[in-house]
Every structure is written in C-alpha cells, then in structure tokens.
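*Asks:* Please see the structure below; I have some questions.
The values are calculated or read from the model by the stated rules, or taken from the named source; none is laboratory data. These numbers were taken from a predicted model, which means no experiment stands behind them. Glycine gets a Cβ as well: all are built from the backbone with ideal geometry, and neighbour counts include every protein chain shown.
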Amino acid sequence: MKQQIMKILSNEKIAKDIMKMVLEGDTSSLTKPGQFINIKLSGKYLRRPISVCDYNENTITIIYKIVGVGTEQMAEMTAGDTLDVLNGLGNGFDTSLSGENPVLIGGGVGVPPMYGVCKELIKNGKRVKVILGFNSKDDVFYKEEFERLGAEVFITTADGSMGTKGFVTDVLKGLDYSYFFTCGPMPMFKAVEGVAKTSGQYSFEERMGCGFGACMGCSCKTKYGNKRICKDGPVLIREEIIW
C-alpha cells in the first residue's frame, strides 16, 4: 500500500451517471487486476474505495458512478486537480486459475475491474468471453474497449433496450467456459452462484471504514472464518464463501 498525491489527467462522463478518471502517479504498488484505491475527499471523513479499471507505469484509470455527495464532488474535478490516494489495496484476481476459455461477468460498476482481468488473460493467450449487465442502453459502457482487446462480448439489459433482455445469468447459462471471474452487486452474485458450472472468483463491493484491514468493518463469512473484504479480499474463491 502506498499513500500519495496523484494528479488528475482527465475526468469525463462516459455513460449515464458514469465517469472515467485518469490519475498520474506512482503505480508500483499495483500488482494484479482487481485491486482498488481509496480516495480522500475534502470535507469527508471516510475515504471512497474505487476499483482500478486499468493501469500502466505512471497512470491509473478508474470508472465510478455518481451516487452521492462524494462521487458528485469527484465528478466536478478537472484535469490538474489532485487527490490524496491510498494505492494498491486488496488482493486482486488470480488469473492463473482461468483455464483456456474463461468468462468474465460484470454488473454495473462491477464492470471496470473486469477490463484489467480481460487484458491480462488475453495477453496470456486465453479465449475470453465477457458478459456485461446493465439496466438499460443508456448505462452501457466499455463494450468497444473489451472488443478491442479481442474478447467476445455479450450485453444484457434489464429493460431489453440493448443486447439480451434480462440478466447476466440468462447469457451465462448458455455458455461453455473453463472458469469465471465476476464483480457486481450481491443479488447478481447469488444469481451467478445458482447457475455457475465451474469454480470462480467473486470480487465483492463493500462499504469500508479504513480500507486496509484495521477496523473489521467489511468482513465476510468464509469456511476459514471471517475475512476482511478490504484486506483479505475483495476477491474470494467460490468454494470458500458462505452465502
């Protein structure tokens, strides 16, 4: 984990209430897709945990949804502004378990970390399918970015305005795959758990206090005792989770 002041290079709207921000700074503490950063905002007591979408030697890309006063404050920031960031948090995904044709499942703001996983898997020669779930076509983002990586992309919308009408599981049930990686809301996780054919990894979205394991405010029951989503997660293996 590294605390630093990072400079905003860009901050733009890419879908309904969805913003993409690129930050410049030291990214050496990021080692796996699925890790997250924790952002301090002026006048706010708790930091905001945001998953990392992509990163390179000196930039981090995050995608966030405007849902409250904190993210509203972030959305108003412009290039040149700075943020106090805790960087390199969480354990990330273990892509070595993927097999040859994994499927990635992202729901809403659970989509961004799937991009980093997809990028690494394709770099390693895997045949990747991606299912992205949204409420409507106005909410859809990053479809083309996944396709440019070389993934086969399926879109689902609850209202049927784009792609398959329904939920990510409506597509998942008809696919063959060697392993799954997923991030999204708890109802989606429980639906995936009901139809998944293989082992896989879940990245949990959770409210956090400290973000690095000190407060025990974001624990999850597992077969090995309570695990802290911020420190021991956010990624957990399917077989260890007690739902």
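*Asks:* Find all pairs meeting these conditions: Cβ atoms under 6 angstrom apart; at least six residues apart or on different chains; first residue within the range 64-81 and touching a residue at least 40 places away in the same chain (Cβ under 8 Å) and in the same structural domain as Arg48 (by TED's automatic domain parsing); second residue aliphatic (A, V, I, L, M) and in a helix (DSSP H, G or I).
*Replies:* So the pair list comes out as Lys65/Val109; Ile66/Ala75.
*Asks:* Name the residue that is nearest to the chain's Cα centre (by Cα), counting only residues in the range 70-100 that are among the polar types (S, T, N, Q) and farther than 16 Å from Ser10 by Cα.
*Replies:* Asn91
*Asks:* Quick one: is Gln35 farther than 19 Å from Leu104 by Cβ, surrounded by 15 or more Cβ atoms within 10 Å (Cβ to Cβ) and among the polar types (S, T, N, Q)?
*Replies:* The answer is no for Gln35.
*Asks:* Can you tell me which residue in the range 1-18 is farthest from Thr31 (Cα to Cα), limited to those that are at pLDDT 95 or above and among the charged types (D, E, K, R)?
*Replies:* Lys16
*Asks:* Continuing with the same structure: Would it be correct to say that Lys123 is exposed (fewer than 15 other Cβ atoms within 10 Å of the Cβ), over 26 Å from Phe154 (Cβ atoms) and basic (Lys, Arg)?
*Replies:* The answer is no for Lys123.
Yes/no matrix, rows are residues, columns are (1) under 19 Å from Met21 (Cα atoms); (2) not hydrophobic (A, V, I, L, M, F, W, C):
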{"residue": "Asp94", "(1), (2)": "no, yes"}
{"residue": "Asn101", "(1), (2)": "no, yes"}
{"residue": "Gly110", "(1), (2)": "yes, yes"}
{"residue": "Val128", "(1), (2)": "no, no"}
{"residue": "Ser136", "(1), (2)": "no, yes"}
{"residue": "Ala158", "(1), (2)": "no, no"}
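*Asks:* Same structure, new question: Can we say Lys123 is of a type in the set (Lys, Arg), in the same structural domain as Val192 (by TED's automatic domain parsing) and either more than 23 Å from Pro234 (Cβ to Cβ) or touching a residue at least 40 places away in the same chain (Cβ under 8 Å) (or both)?
*Replies:* For Lys123, the condition - of a type in the set (Lys, Arg), in the same structural domain as Val192 (by TED's automatic domain parsing) and either more than 23 Å from Pro234 (Cβ to Cβ) or touching a residue at least 40 places away in the same chain (Cβ under 8 Å) (or both) - is not met.
*Asks:* Can you name the condition, by its number, that Met21 falls short on among (1) of a type in the set (A, V, I, L, M); (2) within 28 Å of Glu147 (Cα to Cα); (3) not assigned by TED's automatic domain parsing to the domain that holds Glu144; (4) not in a strand (DSSP E or B)?
*Replies:* Looking at each condition in turn, Met21 falls short on (4).
*Asks:* What is the residue count in the range 69-100 for residues that are at pLDDT 95 or above, more than 24 Å from Leu236 (Cβ to Cβ) and among the small types (Gly, Ala, Ser)?
*Replies:* 3
*Asks:* Now for a different question. Out of Ile39, Ile50, Ile60, report the one residue that is within 16 Å of Met6 (Cα to Cα), without any contact (Cβ under 8 Å) to a residue 40 or more places away in the chain and not assigned by TED's automatic domain parsing to the domain that holds Met186.
*Replies:* Answer to the check: Ile50.
*Asks:* May I pose another question? Which one is farthest from the chain's Cα centre (by Cα), of the residues in the range 185-219 that are at pLDDT 70 or above and part of a strand (DSSP E or B)?
*Replies:* Gly200
*Asks:* Among the numbered conditions (1) at pLDDT below 95; (2) in a strand (DSSP E or B); (3) aliphatic (A, V, I, L, M), tell me where Ile63 comes up short.
*Replies:* In the conditions (1) at pLDDT below 95; (2) in a strand (DSSP E or B); (3) aliphatic (A, V, I, L, M), Ile63 misses (1) alone.
*Asks:* Right, here's the next one. Here is a list of conditions, (1) modelled with pLDDT of 95 or more; (2) among the β-branched types (Val, Ile, Thr); (3) surrounded by 18 or more Cβ atoms within 10 Å (Cβ to Cβ), and Ile50 meets all of them except one; can you say which number that is?
*Replies:* Single failed check for Ile50: (1).
*Asks:* Answer with yes or no whether Thr182 is at pLDDT 95 or above, of a type in the set (Ser, Thr, Tyr), within 20 Å of Phe93 (Cβ to Cβ) and surrounded by 14 or more Cβ atoms within 10 Å (Cβ to Cβ).
*Replies:* Considered against the rule, which asks whether it is at pLDDT 95 or above, of a type in the set (Ser, Thr, Tyr), within 20 Å of Phe93 (Cβ to Cβ) and surrounded by 14 or more Cβ atoms within 10 Å (Cβ to Cβ), Thr182 comes out as yes.
*Asks:* Starting from residues that are part of a loop (DSSP other than H, G, I, E, B) and polar (S, T, N, Q), keep the ones in the range 42-58 and report whichever is farthest from Cys118 (Cα to Cα).
*Replies:* Looking at residues that are part of a loop (DSSP other than H, G, I, E, B) and polar (S, T, N, Q), I get Ser42.
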